[in-house]
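Report on the following structure.
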Amino acid sequence: MSEPNVNNGCRCGCDAGSKMDVQNSKLKEADEIIYKHKTQKGPLLSILNEFQDSFGYLPRAALEETSKVLDMPLAEIYGVATFYSRFTLKPRGEHTISVCLGTACYVKGAKDIFDELLKELKLDGSGETTDDGKFTLEATRCLGCCGLSPVMMIDGEVYGRLTPEKVPEILKKY
Ligand code: FES
């Protein structure tokens, strides 16, 4: 009996084949990362850190593979992944905008800044990353510069004494 012709690529014209290629290459990279750290003591954090650096987030397929290789329940891995704010379970944008909604910023109008960003970035509040993958918007607590409130940070650069009118100009720099 002849072997079935196994082809991961889809021939119908959809992009399922290329998506599968991307997934396969991610899985291959994930495997390399897992096996690199597998024999270390307590390898999970090192693996998750490297996933975050390499992929920009923690892809579910990579976490499932980790669960399999380390023989660790997936729920336990998710528990660690969601405990640390450094890790994200969704792809992040090229630039991260963190708007401080701490008390000092809030009373000086941080909510208006946040709303202006939602409008400028065409986000409806349900998704935190723009469709073009350029920006991720997040609310955060005190950034430690209350004297400049209201404050936002883009990729680590602080913008203070904001007004909604200043937001579009700042975004243009990116
Ligand atoms: S409350 Fe916004 S920087 Fe402190």
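The values are calculated or read from the model by the stated rules, or taken from the named source; none is laboratory data. The shown structure was predicted, so the numbers you read here are calculated from the model rather than taken from an experiment. When we count neighbours, we look across all protein chains shown, and the Cβ atoms used for this are built from the backbone with ideal geometry, even at glycine.
Data for the structure
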{"item": "So residue 63, is it assigned by TED's automatic domain parsing to the domain that holds residue 44, surrounded by 15 or more Cβ atoms within 10 Å (Cβ to Cβ), modelled with pLDDT of 95 or more and assigned to a helix (DSSP H, G or I)", "result": "yes"}
{"item": "Residue match in the stretch 142-154 (condition: at pLDDT below 95 and under 20 Å from residue 53 (Cβ atoms))", "result": "no"}
{"item": "Residues that are surrounded by 10 or more Cβ atoms within 10 Å (Cβ to Cβ) and more than 14 Å from the ligand (Cβ to nearest atom), drawn from the stretch 158-169", "result": "163, 164, 166, 167, 168"}
{"item": "Answer from 48, 58, 27 - the residue that is within 30 Å of residue 134 (Cβ to Cβ), outside any helix (DSSP H, G or I) and outside the structural domain of residue 135 (by TED's automatic domain parsing)", "result": "58"}
{"item": "Scan of the stretch 47-104 for residues that are closer than 28 Å to residue 153 by Cα and either acidic (Asp, Glu) or within 16 Å of the ligand (Cβ to nearest atom) (or both), ordered by number", "result": "50, 53, 94, 97, 98, 99, 100, 101, 102, 103, 104"}
{"item": "Flag for residue 147 being near the ligand (Cβ under 9 Å from one of its atoms) and surrounded by fewer than 13 Cβ atoms within 10 Å (Cβ to Cβ)", "result": "yes"}
{"item": "Criterion: outside the structural domain of residue 56 (by TED's automatic domain parsing), farther than 25 Å from residue 57 by Cβ, in contact (Cβ under 8 Å) with a residue 12 or more places away in the chain and not β-branched (Val, Ile, Thr) - qualifying residue of 143, 148", "result": "148"}
